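The values are calculated or read from the model by the stated rules, or taken from the named source; none is laboratory data. A quick note: this is a predicted structure, and the numbers were derived from the prediction, not measured. We place every Cβ from the backbone using ideal geometry, glycine too, and count neighbours over all the protein chains shown. Protein only, heavy atoms only, side chains kept; ligands, DNA and RNA dropped before computing areas. Shrake-Rupley method; radii C 1.70, N 1.55, O 1.52, S 1.80 Å.
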Amino acid sequence: KLQFLYLIGFPPSTTRQTQENMAGLMKFVTIQPTFHIVNKAKAQPLVKKFVERTSTEAGCLYYGFTQDGDKLFCREAYVDGAAANAHLANVGALLGELLDGGAATLDALSIHGPAAELEVVKPGTEQLGTKYFEILDGFVNFKTADSTPMSAVTIQPTFHIVDKVKAQPLVKRFVERTSTEAGCLYYGFTQDGDKLFCREAYVDGAAANAHLANVGALLGELLDGGAATLDALSIHGPAAELEVVKPGTEQLGAKYFEVIAGFDKVSLC
């Protein structure tokens, strides 16, 4: 994987970002659990408790829940692996209540970040069947800020790599082209084996649409050129912003997850 990083022109770095100014290399950690809601009446108050408890954590960049039918997704990010571990310790009892109390079941869990930070979180999360996605390339264009209601739009595609030689240069081109977009908060790729995930966020639906227009030709090259196939696509954000992105994304089989609770502690640089 280190060789792959060098091939796409993004050598691994050991320099940590400060919490105050995250702009530059993409090095934060995201935990990405998807739950199946079994009992809505039990799940709803727990969602509120999770958000309230997490709001006190110094190392949390954003945290909240999005929902599509009976699927519940937690959208959350931390400055590093230690902050992610602190969060898991902070909400451990609530997670037990959610899963053991009949409110929900855990469908899938992945954690994304730099290789060194993934090693920090593995001991406490491997028993959950977690998939670990290492950062390949990317950037952030946000800084920490006062807490505000969760409002960003995230596009979350997962690809299956068919031809690594074709995929590698396209990853770099996606990142380079997206770096020019004024409304992008962060953008980059993570990988676990032959699975490629694009971790990306935009200030609103219009900015997400601008990105899709900007990289449309590259996406065609990735999918039609035999480099990768699209496994799944979900888009998360406030209801009004989801309506903005639906016309241009429904044909891709996208799933739309509406924000139901949460906060952001970051803003565009």
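On a per residue basis, the chain carries 43 Å² of accessible surface, using protein heavy atoms and a 1.4 Å probe.
Model label sites at residue 93 and residue 108, defined 7 Å from Cα along the beta-carbon direction, differ in position by 3.2 nm. Listed peptides 256-265, 240-249 appear in the order 256-265, 240-249 once ranked by packing, highest mean of other Cβ atoms within 10 Å at the front. Sort segment 105-242 into rounded, prolate or oblate with this rule: let a ≥ b ≥ c be the square roots of the eigenvalues of the Cα gyration tensor; rounded if a/c is under 1.5, and if a/c is not under 1.5, prolate when a/b is larger than b/c, oblate otherwise. Since a/c reaches 1.5 but b/c is at least a/b, the shape of segment 105-242 is classed as oblate.
Can you give the FRET efficiency for residue 165 and residue 48, using 1/(1 + (r/R0)^6), R0 = 45 Å, r = Cβ-Cβ distance, to the nearest 0.05?
Values: r = 48 Å, r/R0 = 1.07.
Computed FRET efficiency for residue 165 and residue 48: 0.40.
Shape verdict for segment 196-269, please, from the Cα gyration tensor: rounded (a/c under 1.5), prolate (a/b greater than b/c) or oblate. Mind showing how you got there, number by number?
Details: a/c = 1.88, a/b = 1.67, b/c = 1.12.
Prolate is the answer for segment 196-269, as a/c is 1.5 or above and a/b outweighs b/c.
May I ask you to give the percent of accessible area on the chain that is carbon plus sulfur, with a probe radius of 1.4 Å? Before the final figure, lay out the partial values.
Numbers: 6420 of 11580 Å².
C and S atoms contribute 55 percent here.
Distance between the 7 Å Cα→Cβ label points at residue 127 and residue 210: 4.7 nm.
Under 12 Å of direct C-alpha separation, and excluding same-chain neighbours fewer than eight residues apart, residue 164 reaches these aspartates and glutamates: 194. In segment 184-220, whose amide N lies under 14 Å from the spot 7 Å out along Cα-to-Cβ of residue 148? List them in ranges. So the set is 184-185, 202-205.
By its C-alpha gyration tensor, with a ≥ b ≥ c as the square roots of the eigenvalues, how is segment 106-173 shaped: rounded for a/c under 1.5, else prolate for a/b larger than b/c, else oblate? Oblate shape, in that a/c is at least 1.5 and b/c is the bigger or equal ratio.
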